[in-house]
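The block underneath contains the structure these notes are about, expressed in structure tokens.
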Amino acid sequence: MTITDLLQKIKDNLEKERLEIAEKMVLGRETDFGSYQRDVGVAEGLQRSSDIIDKTLKNFNEEDE
């Protein structure tokens, strides 16, 4: 497994987790407003992490050229 493969796998797992949180919100399974706020923050953090991985992958690809 290459570094690129590893980063892509991590990114896929982050996206899966973010989608699970979104589904929980859409289906109204939040227990209270505090729980909702926490999940919004976690989802934002997951998205930022995914964005950082995208930038890292882009840098790897640019260095290889």
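Read-outs throughout are calculated quantities, based only on the coordinates presented, and are distinct from any laboratory measurement. Please read these numbers as outputs of a predicted model, since none were measured by experiment. Heads up, the Cβs are rebuilt from the backbone with ideal geometry, glycines too, and the neighbour counts pull from every protein chain shown.
What pairs can you find where one residue is in the stretch 1-26 and over 15 Å from Asp54 (Cβ atoms), the other is among the basic types (Lys, Arg) and assigned to a helix (DSSP H, G or I), and their Cβ atoms are less than 9 Å apart, with a gap of 6+ or different chains? Matching pairs, first to second residue: Met1/Lys9. Inside the stretch 20-36, residues that are over 17 Å from Leu46 (Cβ atoms) and assigned to a helix (DSSP H, G or I) make up a count of 2. Which of the residues spanning the stretch 37-65 are over 28 Å from Thr2 (Cα atoms) and either outside any helix (DSSP H, G or I) or over 14 Å from the mean Cα position of the chain (by Cα) (or both)? Residues satisfying the conditions are Gln37, Arg38.
Quick one: is Glu15 surrounded by 13 or more Cβ atoms within 10 Å (Cβ to Cβ) and either among the acidic types (Asp, Glu) or touching a His at 6+ places or on another chain (Cβ under 7 Å) (or both)? Against the criterion (surrounded by 13 or more Cβ atoms within 10 Å (Cβ to Cβ) and either among the acidic types (Asp, Glu) or touching a His at 6+ places or on another chain (Cβ under 7 Å) (or both)), Glu15 qualifies.
If you go through the stretch 15-29 and pick out every residue that is of a type in the set (D, E, K, R) and under 9 Å from the mean Cα position of the chain (by Cα), you end up with 4.
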